[in-house]
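**Student:** Mind having a look at this structure? Questions to follow.
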Amino acid sequence: MDEVHSVRKTACCLLLLATLGAVPLSAQIELAGVWQNKLHEDFPDRLAGPEIGDYTGIPLNAAARFRAEAWDASLIALPEYQCRVHPSDYANSFADIRIWEEYDKDTQSLVAIHIHHFAWGTERTIWMDGRPHPPDYAQHTSMGFSTGKWEGDILTVTTDHLKEGWIRRNGVPRSDRAVVTEHFIRHENGLTWVVMIKDPAYLTETMIRSRDYVYSVAGQIAPYPCESVEEVIRPKGVIPNHLPGTNTFLKEYQKNHGVLQEGAMGGAKTLYPDFRQTVIAAGDLGGKAPGPLQ
Amino acid sequence: MPTTMTKASLLILAAALVTVASAQNRGQQNFDNVEIHTLQLRDNMYMLVGAGGNITVQVGKDGVLLVDTEYAQLSNKILAAIRKLSPEPIHYIINTHYHGDHTGGNENIRKAGNTIAGGNVAGDLGAEASEGAAIVAHNNVLLRLSMPNGNQPAAPQGGWPTDTYLSDMKKMWFNGEGIVLFHPEHAHTDGDSIVYFKRNDVIATGDIFTMTTYPIIDLNGGGSFQGMIDAVNQILDLTDTVYGQDGGTLIVPGHGRLCDTGDLLNYREMITIIRDRIVDMIHKGMTLGQVKAAHPTLDYDPLYGTSTGFWTTDAFVEAAYKSLSQTAKKK
């Protein structure tokens, strides 16, 4: 009888251990699957694309603004620029994604989380195994080098080794020195993806934006082939750009939307509520009153 | 009419560039704490990073080949790093140009290697035929290293190139790989070599491409701003990407981190746009002072600019202004 009791005890203990073994050591949630990008937020800035001279909401510095003013949209017609991918800190502005997890077969510990973007078919890896970031002299890529950790139910990702990219695709640059922190926050079938960019070269404060996704039960991601063609015949080595003071397109955004020049040109001070007083004091919004403070 | 640079600024610039040329004599720089870091590029290729220009290393059954040698004071550390990669002898050193931060270790590292020799050559010359690794460079590197430059004496003879070429290209074969040296006529200097490892798809650019400063145009050493742009475009013609601007050809810049085509495209964008601005200002008759005051590099200063050291933003703009003024006059 005692022997039977002992066997039962052992079986119960093993069952308990097995049950406990299925519980992750740190809080983590399932992110795997296809997620559909919701475009309701900042729509004109995303699919339609930002307008020239619209730097609103960006804490950029004078150098970034000067560079953006020189940017000529014809640049992206150059064959070597046509298939340039959106960097990982910008790609979430559009397109669906697939997330999948990579586990070590023996320990069942999470090694990495992978993300495939439909846009330009880029893929990135978020290492979850505690490996260090590469040294300063290692190569940079459009996706950068990412490591992640769970903070409660939130996946927090740190990315560096990024190749030069853009804050907004109208010429506002993001340097290769930027460090990006991301939060992936799942709410049942919703996913909020927050991107926070610190760029000592071109931003005076952290640039923050969020994008939302919805879980897609039957989601499929199509391939995204890209082959450059000669769109404009140009002499070798020409880089389209506006010489200082010659970009006549810069005022169009201000004029068309009644945005104060100082606001359109961005900068940290335009991001704070106090700036509303500047807008009111200016009193010249092309006949349009400032909208309600959000 | 654009005015020319002041005598004082020319002297400052000349002095600065002589400093580059004689960097191997930088006795004041403390190399004790410098570590040589090794980054693997391909199965048999590496980048060594220390205090001078980057070194590219190719190893294999034929031996070891280096592109550039940094400073003489770092030679022991560099040799120790190489010995961790291969026990085979160092047979070739290729110099991308003559500056001391790329050639200072020539003599020491050459002594540690040997030249492949045999047959009649070895028979006629005996042991001398294989003494020291061969140093390959454009002929203008030999001319500049072997001649005193201002107050600076010639480089030690043991560090002079032993195998030079005069045309715009030289081909080699080593460790089962074709290696092509392209010589742009006037770029960073007048003796530059772009070193292209064909099978590994790796390019060592020397200081035609650097990630740490604005392009250094050694006007006294035969460099030219437009020549730099032409050379960068020449390198881009050699490169491939896997997708977009990522992957494919690996590019070892003269200074700074490992790069690829996308990084070089960004660099080309920078030098081309700054050229366009300064040329426009020259055409408008602006003086050097007026050009400086207009800040034609404002947007790139956070990436490449500095107000300290020998190659300040001001020095770059002065050299660009002088070089592009000469180009404009020729046209």
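The values are calculated or read from the model by the stated rules, or taken from the named source; none is laboratory data. The structure displayed is predicted, hence computed values, not measured ones. A quick note on method: Cβ atoms are made from the backbone with ideal geometry, for glycine too, and the neighbour counts reach across all protein chains shown. For accessibility, only protein heavy atoms count, side chains too; no ligands or nucleic acids. Shrake-Rupley method; radii C 1.70, N 1.55, O 1.52, S 1.80 Å.
**Student:** For B:Phe310, all conditions in the list (1) open to solvent by 40 Å² or more (accessible area, probe 1.4 Å); (2) closer than 30 Å to A:Val229 by Cα; (3) aromatic (Phe, Trp, Tyr) hold save one; what is the number of the exception?
**Tutor:** That leaves (2) as the condition not met.
**Student:** Next question. May I ask you to list pairs of residues, at least six apart or on different chains, whose Cβ atoms are under 8 Å apart, with the first in segment A:70-91 being more than 10 Å from chain B (Cβ to nearest Cβ) and the second being surrounded by fewer than 24 Cβ atoms within 10 Å (Cβ to Cβ) and in a helix (DSSP H, G or I)?
**Tutor:** A:Ile76/A:Gln82; A:Ala91/A:Ala119; A:Ala91/A:Trp120
**Student:** Which of the residues that make up segment A:156-195 are hydrophobic (A, V, I, L, M, F, W, C), open to solvent by 30 Å² or more (accessible area, probe 1.4 Å) and touching a residue at least 40 places away in the same chain (Cβ under 8 Å)? Don't jump to the end; show me each part of the working.
**Tutor:** Taking segment A:156-195 and keeping what is hydrophobic (A, V, I, L, M, F, W, C), we get A:157, A:162, A:166-167, A:172, A:178-180, A:184-185, A:191, A:193-195.
Next cut, open to solvent by 30 Å² or more (accessible area, probe 1.4 Å) only: A:166, A:179, A:185.
Listed by number, the list holds a single entry, A:Trp166.
**Student:** Within segment B:188-195, does at least one residue satisfy the condition of being of a type in the set (Gly, Ala, Ser) and assigned to a loop (DSSP other than H, G, I, E, B)? Before you say what the answer is, go through the steps one by one.
**Tutor:** Applying the first criterion (of a type in the set (Gly, Ala, Ser)) to segment B:188-195 yields B:191, B:193.
Next, from what is left, pick out any that are assigned to a loop (DSSP other than H, G, I, E, B): B:191, B:193.
Yes.
**Student:** When the residues of segment A:138-155 are narrowed to those that are open to solvent by 30 Å² or more (accessible area, probe 1.4 Å) and either touching a strand residue (DSSP E or B) at 6+ places or on another chain (Cβ under 9 Å) or among the hydroxyl-bearing types (Ser, Thr, Tyr) (or both), which ends up farthest from B:Thr212 (Cα to Cα)?
**Tutor:** Let us first name the residues in segment A:138-155 that are open to solvent by 30 Å² or more (accessible area, probe 1.4 Å), namely A:139, A:141, A:145, A:149-154.
Cutting the leftovers down to either touching a strand residue (DSSP E or B) at 6+ places or on another chain (Cβ under 9 Å) or among the hydroxyl-bearing types (Ser, Thr, Tyr) (or both) gives us A:139, A:141, A:145, A:149-151, A:153-154.
Values: A:Gln139: 14, A:Thr141: 18, A:Phe145: 21, A:Lys149: 32, A:Trp150: 36, A:Glu151: 36, A:Asp153: 41, A:Ile154: 37 Å.
In this case the residue turns out to be A:Asp153.
**Student:** I'm trying to understand the selection: among the residues of segment B:172-188, which are under 25 Å from B:Ile271 (Cα atoms) and out of contact with any Asp or Glu (no Cβ under 8 Å at 6 or more places or on another chain)?
**Tutor:** Of the residues in segment B:172-188, the ones under 25 Å from B:Ile271 (Cα atoms) are B:181-188.
Listed by number, the residues that qualify are B:Leu181, B:His186.
**Student:** Among the residues of segment B:148-167, write down those that are under 12 Å from B:Gly191 (Cβ atoms) and either surrounded by fewer than 15 Cβ atoms within 10 Å (Cβ to Cβ) or more than 18 Å from the chain's Cα centre (by Cα) (or both). Give the steps one after another, and end with the answer.
**Tutor:** Filtering segment B:148-167 down to residues under 12 Å from B:Gly191 (Cβ atoms) leaves B:161, B:164-166.
B:Leu166, the sole residue that qualifies.
**Student:** So, in segment A:89-98, of the ones that are of a type outside the set (Asp, Glu) and not in a helix (DSSP H, G or I), which residue ends up farthest from A:Gln36 (Cα to Cα)? Talk me through it step by step, then tell me what you get.
**Tutor:** Going residue by residue through segment A:89-98, those that are of a type outside the set (Asp, Glu) are A:90-95, A:97-98.
Still in the list and also not in a helix (DSSP H, G or I): A:90, A:94-95, A:97-98.
On the way: A:Tyr90: 16, A:Phe94: 9, A:Ala95: 7, A:Ile97: 7, A:Arg98: 9 Å.
By that ranking, first place goes to A:Tyr90.
**Student:** Could you list all residues from segment A:240-281 that are surrounded by fewer than 17 Cβ atoms within 10 Å (Cβ to Cβ) and polar (S, T, N, Q)?
**Tutor:** Matches in segment A:240-281: A:Thr246, A:Thr248, A:Asn256, A:Gln261, A:Gln277, A:Thr278.
Results for (1) over 15 Å from the mean Cα position of the chain (by Cα); (2) at pLDDT below 95; (3) open to solvent by 50 Å² or more (accessible area, probe 1.4 Å), shown as yes or no for each residue.
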| residue | (1), (2), (3) |
| --- | --- |
| A:Arg46 | no, yes, no |
| A:Pro59 | yes, no, no |
| A:Ala64 | yes, no, no |
| A:Glu80 | yes, yes, yes |
| A:Asp89 | no, no, no |
| A:Asn92 | no, yes, no |
| A:Asp106 | yes, no, yes |
| A:Ile113 | yes, no, no |
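**Student:** Here's a follow-up. Residues that are within 14 Å of chain A (Cβ to nearest Cβ), in contact (Cβ under 8 Å) with a residue 24 or more places away in the chain and more than 28 Å from B:Glu185 (Cβ to Cβ): find the strands (runs of 3 or more DSSP E) completely inside segment B:21-106 holding 2 or more of those. Give the steps one after another, and end with the answer.
**Tutor:** Working: elements: B:37-42, B:45-49, B:55-60, B:63-67, B:90-94.
Answer list for segment B:21-106: B:37-42, B:45-49.
**Student:** Pick out, from segment A:138-242, the strands (runs of 3 or more DSSP E) lying fully within it that include 1 or more residues that are away from chain B (no Cβ under 14 Å) and among the aliphatic types (A, V, I, L, M).
**Tutor:** Working: elements: A:145-151, A:154-160, A:165-168, A:172-174, A:179-187, A:190-198, A:207-216.
Per the criteria, A:154-160, A:179-187, A:190-198, A:207-216.
**Student:** Among the residues of segment A:121-137, count how many are within 10 Å of another protein chain (Cβ to nearest Cβ), open to solvent by less than 50 Å² (accessible area, probe 1.4 Å) and of a type outside the set (Val, Ile, Thr).
**Tutor:** So the count comes out to 3.
For every residue, the table says whether it meets (1) of a type in the set (A, V, I, L, M); (2) in a helix (DSSP H, G or I).
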{"position": "A:Ile52", "(1), (2)": "yes, no"}
{"position": "A:Arg67", "(1), (2)": "no, yes"}
{"position": "A:Ser74", "(1), (2)": "no, yes"}
{"position": "A:His86", "(1), (2)": "no, no"}
{"position": "A:Trp100", "(1), (2)": "no, no"}
{"position": "A:His116", "(1), (2)": "no, no"}
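**Student:** In addition: May I ask you to list the residues in segment B:168-179 that are in contact (Cβ under 8 Å) with a residue 60 or more places away in the chain and surrounded by 12 or more Cβ atoms within 10 Å (Cβ to Cβ)?
**Tutor:** Filtering segment B:168-179 down to residues in contact (Cβ under 8 Å) with a residue 60 or more places away in the chain leaves B:172, B:174-177, B:179.
If the condition is that a residue be in contact (Cβ under 8 Å) with a residue 60 or more places away in the chain and surrounded by 12 or more Cβ atoms within 10 Å (Cβ to Cβ), then B:Met172, B:Phe174, B:Asn175, B:Glu177, B:Ile179 are the ones that fit.
**Student:** Also, quick follow-up: Just to verify a result, which residue in segment B:122-158, among those that are in a helix (DSSP H, G or I) and among the charged types (D, E, K, R), is modelled with the highest pLDDT?
**Tutor:** First, the residues of segment B:122-158 that are in a helix (DSSP H, G or I): B:122-130, B:139-146, B:157-158.
If we keep only those that are among the charged types (D, E, K, R) too, we end up with B:124, B:128, B:144.
On the way: B:Asp124: 71, B:Glu128: 72, B:Arg144: 96.
Restricting to residues being in a helix (DSSP H, G or I) and among the charged types (D, E, K, R), the top hit is B:Arg144.
**Student:** If you don't mind, there's one more thing I want to ask. Just checking, how many residues over segment B:289-306 are more than 24 Å from B:Leu264 (Cα to Cα) and surrounded by fewer than 20 Cβ atoms within 10 Å (Cβ to Cβ)? Can you show your working first?
**Tutor:** Initial filter on segment B:289-306 (more than 24 Å from B:Leu264 (Cα to Cα)): B:289-294.
When the remaining residues are screened for being surrounded by fewer than 20 Cβ atoms within 10 Å (Cβ to Cβ), the result is B:289-290, B:292-294.
Number satisfying all stated conditions: 5.
**Student:** Which residue out of B:Phe182, B:Phe197, B:Phe225 is open to solvent by less than 10 Å² (accessible area, probe 1.4 Å), among the aromatic types (Phe, Trp, Tyr) and closer than 17 Å to B:Asp68 by Cβ?
**Tutor:** Numbers: B:Phe182 fails: open to solvent by less than 10 Å² (accessible area, probe 1.4 Å); B:Phe225 fails: closer than 17 Å to B:Asp68 by Cβ.
None of the others qualify; the one that does is B:Phe197.
**Student:** Separate question: Would you tally the residues in segment B:127-147 being open to solvent by less than 20 Å² (accessible area, probe 1.4 Å) and either more than 18 Å from B:Asp101 (Cβ to Cβ) or free of Cβ contacts under 8 Å to residues at least 24 places away in the same chain (or both)?
**Tutor:** Within segment B:127-147, the subset open to solvent by less than 20 Å² (accessible area, probe 1.4 Å) is B:129, B:132-138, B:141, B:145.
Restricting the remaining residues to those that are either more than 18 Å from B:Asp101 (Cβ to Cβ) or free of Cβ contacts under 8 Å to residues at least 24 places away in the same chain (or both) gives B:129, B:132-134, B:136.
Of the residues in segment B:127-147, 5 are open to solvent by less than 20 Å² (accessible area, probe 1.4 Å) and either more than 18 Å from B:Asp101 (Cβ to Cβ) or free of Cβ contacts under 8 Å to residues at least 24 places away in the same chain (or both).
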